[in-house]
Amino acid sequence: MGDPLTGEFAEAIAGFATGVVVLTVRDGRDDLGTTVTAFMSVSLEPPMVLASVTTSSYLTEVLNRQDRWAATVLASGQRALAGRFAAEGRPSARILLASEPHHRGEHSEALVPESGVSAMECETRRRVEAGDHTLFIAEVLSTDYLARDRTPLVRANRRYLT
């Protein structure tokens, strides 16, 4: 049986409402991505963000090789996309985005879904191991797009809010 504090912590933090981001990266001929809810702004000058990814994941292995990646803040109508990118054993990001409007980022070559609230292309400046996650602290190279008229997708208590 696990540590009771771990379970209590998981329950306590689940109540914290977060935005939902799809992080994508190009690795040679393959495209990978995942849904993250631990994503935040770190600095305005220079513009920097932080994304937290499970250390044991293949995506972390790729992000340790590829410094440039994209982060798309999902819109409220993109629950299904968030779920596809969160699924265990998910296929290539190209397959996950096949039915969605998307393009390659100019700076990262990562696939960028076009129907989100915003998208940024980032370059990792620092990696920090923190428990079972790796924190990727990155400078924002460009804002790929910004759609102020879209409502962001929010997650709290293990479900998406409407």
Considering residues that are in contact (Cβ under 8 Å) with a residue 60 or more places away in the chain and more than 12 Å from the chain's Cα centre (by Cα), the number found within the range 78-96 is 6
Does any residue of the range 88-102 turn out to be in contact with a Phe, Trp or Tyr (Cβ under 9 Å, 6 or more places away or on another chain) and surrounded by fewer than 18 Cβ atoms within 10 Å (Cβ to Cβ)? no
If the requirement is being more than 19 Å from LEU44 (Cβ to Cβ), of a type in the set (A, V, I, L, M, F, W, C) and open to solvent by less than 30 Å² (accessible area, probe 1.4 Å), which of these qualifies: ALA110, ALA130, ALA119? ALA110
Just checking, which of THR24, THR35, THR18 is of a type in the set (Val, Ile, Thr), modelled with pLDDT under 95 and open to solvent by less than 30 Å² (accessible area, probe 1.4 Å)? THR18
The one condition in (1) modelled with pLDDT under 95; (2) among the charged types (D, E, K, R); (3) open to solvent by 80 Å² or more (accessible area, probe 1.4 Å) that GLU45 fails to fulfil: (1)
Pairs where the first residue, in the range 40-67, is closer than 13 Å to GLU121 by Cα and the second is polar (S, T, N, Q) and open to solvent by 60 Å² or more (accessible area, probe 1.4 Å), C-beta under 6 Å, 6+ apart: VAL49/SER41
Residue under evaluation GLY116, criteria (1) over 14 Å from the mean Cα position of the chain (by Cα); (2) of a type outside the set (Phe, Trp, Tyr); (3) not in a strand (DSSP E or B), criterion not met: (1)
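The values are calculated or read from the model by the stated rules, or taken from the named source; none is laboratory data. If you're wondering where the values come from, they're calculated on a predicted model, not measured in any experiment. Counting neighbours? That spans all protein chains shown, and the Cβs are built from the backbone with ideal geometry, glycine included. Heavy atoms of the whole protein, side chains included, go into the accessibility calculation; ligands, DNA and RNA do not. Shrake-Rupley method; radii C 1.70, N 1.55, O 1.52, S 1.80 Å.
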